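S.K.: Next up is a structure, given as structure tokens.
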Amino acid sequence: MSAYRVAELLHEGKAKRVYRTDRPDVVAVEFKDDATAFNAQKHAQLAGKGALNCRISALIFEHLVARGVPTHYLGIDGSNWMLVRPVTIIPVEVVVRNVAAGSLCRQLPIAPGTLLPQPLLDLYYKDDALGDPLLTEARLQLLGLLDAAQLSVVQQLALHINVELSQLFERCGLQLVDFKIELGFSSDGALLLADEISPDTCRLWDRAVADGNDRILDKDRFRQDLGGVVEAYGEVLKRVQGECPQPRVYG
Ligand code: UDP
């Protein structure tokens, strides 16, 4: 007998559906097989991707919870469902970069693969219609999205998560190139890590592969039409499940 019942759809995103449940303190997230890139201009169905991302995210949330990171995560149910605490998502995509890749190399004269002297934190305004523009601190204040104290908490949390994830992936033989997180406020005002952490939202390179596209084990395989997307995500799952606590089943 389940501890909750899924009720109406609250939000449908590109890779997940979010549902209210009959419990006010529990929201149900369904991971879909849809893959999108370039602001959803490129779209495909990749059978098994939803289950892989659900499992990988759950394993990583379990690891981060054990390391003291506050998250919305409550557990999983079946292959594609994650139960989380309801949060008000801050419309800011928080990106941490360790190695230059992607938009950093398109926008600045930095060669892909350059190891950055220290982690670079980039904040983007989460708005597909505007193309997720890069934020400055002044723009963040102008929009009233975070005050100075909240921004400082976000920065510290993102850098802490970067240390934890980099070490975790290192033990898996993977280099954490960069990643995106989203944060939200719970009803009691706590700032929680939300959304997902998966090969859809991280760049991960296989440390055992010297160079080129073969080392890519993340969504860049889809973005760049390299093939083997689901296989790459499966490889990430295989590696992280040996290093994280098993996901708790909710209910
Ligand atoms: N990212 C994401 N969602 C977005 C934009 C970026 O999960 O809407 C992740 C992306 O997978 C990468 C990191 O954030 O791990 C940095 O992405 P970047 O700014 O380089 O943009 P991209 O090259 O993906 O357009």
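The values are calculated or read from the model by the stated rules, or taken from the named source; none is laboratory data. None of these values were measured; they are calculated from a predicted model. Virtual Cβ from ideal backbone geometry, glycine too; neighbours counted across all protein chains shown.
S.K.: If I ask for residues that are under 18 Å from Ser103 (Cα atoms) and within 13 Å of the ligand (Cβ to nearest atom), which ones from the range 183-216 would you list?
M.R.: Result: Pro199, Asp200, Thr201, Cys202, Arg203, Leu204, Trp205, Ile216.
S.K.: Which one is surrounded by the fewest Cβ atoms within 10 Å (Cβ to Cβ) among residues in the range 69-107 that are in a loop (DSSP other than H, G, I, E, B) and within 11 Å of the ligand (Cβ to nearest atom)?
M.R.: The selected residue is Gly102.
S.K.: Could you run through the range 225-239 and say how many residues are within 16 Å of the ligand (Cβ to nearest atom) and in contact with a helix residue (DSSP H, G or I) (Cβ under 7 Å, 6 or more places away or on another chain)?
M.R.: Qualifying residue count, the range 225-239: 5.
S.K.: Any idea which of (1) closer than 17 Å to Asp122 by Cα; (2) within 16 Å of the ligand (Cβ to nearest atom) is the one Gln175 doesn't satisfy?
M.R.: Against the list (1) closer than 17 Å to Asp122 by Cα; (2) within 16 Å of the ligand (Cβ to nearest atom), Gln175 comes up short only on (1).
S.K.: Moving to a separate point now. Please verify whether the range 59-66 includes one or more residues that are part of a strand (DSSP E or B) and of a type outside the set (Lys, Arg). Let's see the steps before the verdict.
M.R.: Of the range 59-66, the ones part of a strand (DSSP E or B) are none.
Within the range 59-66, none of the residues are part of a strand (DSSP E or B) and of a type outside the set (Lys, Arg).
Listed here are the residues, each with its yes/no results for (1) charged (D, E, K, R); (2) modelled with pLDDT of 95 or more; (3) more than 30 Å from Gln141 (Cβ to Cβ).
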residue	(1), (2), (3)
Glu8	yes, yes, yes
Arg67	yes, yes, yes
Leu83	no, yes, yes
Cys105	no, yes, no
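S.K.: Would the range 128-151 turn up any residue that is among the β-branched types (Val, Ile, Thr) and touching a Gly at 6+ places or on another chain (Cβ under 9 Å)?
M.R.: no
S.K.: Between Gln41, Gln118, which is polar (S, T, N, Q), exposed (fewer than 12 other Cβ atoms within 10 Å of the Cβ) and either on the phi > 0 side of the Ramachandran plot or away from the ligand (no atom under 12 Å from the Cβ) (or both)?
M.R.: Of Gln41, Gln118, the one residue that is polar (S, T, N, Q), exposed (fewer than 12 other Cβ atoms within 10 Å of the Cβ) and either on the phi > 0 side of the Ramachandran plot or away from the ligand (no atom under 12 Å from the Cβ) (or both) is Gln118.
S.K.: Continuing with the same structure: Do you know which residues across the range 20-49 are in a loop (DSSP other than H, G, I, E, B) and either out of contact with any helix residue (DSSP H, G or I) (no Cβ under 9 Å at 6 or more places or on another chain) or of a type in the set (Phe, Trp, Tyr) (or both)?
M.R.: Here is the first cut: in the range 20-49, the residues in a loop (DSSP other than H, G, I, E, B) are 22-26, 32-33, 38-41, 46-48.
The answer is Asp22, Arg23, Pro24, Asp25, Val26, Phe38, Gln41.
S.K.: Which pairs turn up if I take residues in the range 226-238 that are within 9 Å of Pro199 (Cβ to Cβ) and look for partners that are of a type in the set (Phe, Trp, Tyr) with beta carbon separation below 8 Å, at least 6 apart in sequence or on another chain?
M.R.: These pairs meet every condition: Val229/Phe222.
S.K.: For the range 134-151, state whether one or more residues are within 10 Å of the ligand (Cβ to nearest atom), surrounded by fewer than 18 Cβ atoms within 10 Å (Cβ to Cβ) and of a type outside the set (Lys, Arg).
M.R.: Our first condition is that a residue be within 10 Å of the ligand (Cβ to nearest atom); within the range 134-151, this holds for 134.
Checking the rest, the ones that are also surrounded by fewer than 18 Cβ atoms within 10 Å (Cβ to Cβ) come to 134.
Among the residues that remain, those that are also of a type outside the set (Lys, Arg) are: 134.
Within the range 134-151 (the criterion being within 10 Å of the ligand (Cβ to nearest atom), surrounded by fewer than 18 Cβ atoms within 10 Å (Cβ to Cβ) and of a type outside the set (Lys, Arg)), the answer is yes, since at least one residue qualifies.
S.K.: Just to be sure before I move on: is Gly50 in contact with a Lys or Arg (Cβ under 6 Å, 6 or more places away or on another chain) and either under 22 Å from Lys219 (Cα atoms) or surrounded by fewer than 17 Cβ atoms within 10 Å (Cβ to Cβ) (or both) in the structure I sent?
M.R.: yes
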